[in-house]
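Presented below is the structure to which this report refers.
Values quoted throughout were computed directly from the atomic coordinates according to the rules given, and no laboratory measurement underlies them. What you see is a predicted model, and the numbers here were worked out from it, not measured in a lab. Positions of Cβ are generated from backbone atoms using ideal geometry, with glycine treated the same way; all protein chains shown enter the neighbour counts.
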Amino acid sequence: QVQLVESGGGLVQPGGSLRLSCAASGFTFSRYVMRWYRQAPGAERELVADITTASSTYYTGPVKGRFTISRDNAKNTVYLQMNSLKPEDTAVYYCNARKSTDDYWGQGTQVTVSS
């Protein structure tokens with residue numbers, strides 16, 4: 001059974017940091033591109049960052065230089081380190097695993113940036 005379980009979300013003040021984790025099971029994690037998406041209230045889900053099987057990374061413009069995606073294939077886990085958080089980063093953050101026609105999603109974790 002495929003599972004992606006996100007954790008690490010919460011309430012943080014502007015300028016603060018959070019580290020999201022996504023623990024994967026039920027598939028060969030190392031063979032999948034892993035992505036973090038987010039969806040703010042009233043907005044469409046958007047890609048935040050991804051990391052390939054060779055650990056090449058991509059970041060969407062608004063998070064470049066502030067967020068870092070990484071993966072630990074031994075632990076079947078992908079991380080998103082978020083620094084210098086802004087109120088506009090407030091959203092539900094989702095983990096995604098993709099390979100060919102396989103497309104798996106987690107349940108999401110809420111991140112709220114507010115003073």
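Counting only lysines at least 8 places from K99 when in the same chain, those with an alpha carbon closer than 24 Å to its own are K75. Local charge for G108 was computed over the other residues whose Cβ lies under 12 Å away, with Lys and Arg +1 and Asp and Glu -1, and equals +1. The trypsin sites (Lys or Arg not before Pro) of region 4-107 that meet both conditions, a loop assignment by DSSP and at most 11 other Cβ atoms within 10 Å of the site Cβ, are K64. At what distance in angstrom do the alpha carbon centres of region 71-115 and region 1-19 lie from each other? After rounding, the separation between the Cα centres reads 7 Å.
Bridging of K86 to aspartates and glutamates at a Cα separation below 17 Å is possible for E46, once same-chain residues fewer than 8 apart are set aside. Structure remark: mean-square fluctuation, Gaussian network model of the chain, C-alpha springs under 10 Å; the largest value among A91, A43, A24 belongs to A43.
Working from Cα pairs under 8 Å separated by at least six residues, relative contact order for region 1-109 is 35 percent.
Using every pair of distinct Cα positions in the chain, the Kirkwood expression returns a hydrodynamic radius of 14.0 angstrom.
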